[in-house]
Amino acid sequence: QVQLVESGGGLVQAGGSLRLSCAASGRSFSSSMMGWFRQAPGKDREFVAAIAWSGGSTRYADFVKGRFTISRDNAKNTVSLQMNSLKPEDTAVYFCAAALGVGISPLSTAYRYWGQGTQVTVSS
């Protein structure tokens, strides 16, 4: 079992930065693939970034490459998403997700555990 709680969302101007954090509880965190997804109003949930259990492999959606960075600290049971050069179209609720086991996936169906989400609003 893994429980996830996101934090760090808020209102920021275009071009600004935010750092999202996801605190995980549960003994399986260090062996879990972790991901960030987002959902804007009226749109489907979409993949943002993922990181393998070891932190050695990462994957990003094309629209965030070069702007967002995912990282994890297994000693602290946290995964973070550093978001730079934010755009109004990045406005969404951002969700942290976890899946036990190896590998890395952009598919939401691969993740078993989800947080409640944190709102990110980017003003123009």
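The values are calculated or read from the model by the stated rules, or taken from the named source; none is laboratory data. All values reported here derive from a predicted model rather than from experimental measurement. Note that each Cβ is placed from the backbone with ideal geometry, even for glycine, and that neighbours are counted across all protein chains shown. Keep in mind that these areas ignore ligands, DNA and RNA; they rest on the heavy atoms of the full protein, side chains included. Shrake-Rupley method; radii C 1.70, N 1.55, O 1.52, S 1.80 Å.
Side notes on the structure shown:
- Excluding same-chain neighbours fewer than eight residues apart, the lysines reachable from LYS87 by a Cα-Cα span under 25 Å are LYS43, LYS65.
- Each peptide among 104-116, 43-55 gets the average number of other Cβ atoms lying within 10 Å of its residues, and from highest to lowest they stand as 43-55, 104-116.
- Derived from the Cα gyration tensor, the three semi-axes of the equivalent ellipsoid of the chain are 23, 14, 13 Å, largest first.
- Residues of the chain: accessible area per residue with a 1.4 Å probe, Å²: 50
- Taking the convex hull of Cα positions in the range 44-105, its mean projected area over all directions (nm²): 4.7
- Across the range 88-103, rounded Karplus estimates of 3J(HN,Hα) from the backbone phi angles (6.51 cos²θ - 1.76 cosθ + 1.60, θ = phi - 60°) give x, 6, 7, 4, 4, 8, 9, 10, 8, 9, 9, 9, 5, x, 7, x Hz, Gly and Pro being marked x.
- Annotation: amide H of VAL120 within the under-5 Å range of GLY10, ALA92, VAL93, TYR94, sequence separation 5 or more or interchain, hydrogens built in the peptide plane.
- Projecting the Cα atoms of ASN77, VAL48, ALA110 onto the dipole axis of the range 1-112, where Lys and Arg carry +1 and Asp and Glu carry -1 at the beta carbon, places ASN77 farthest toward the positive end.
- Within the chain, percent of DSSP bridges classed antiparallel, to nearest 5: 90
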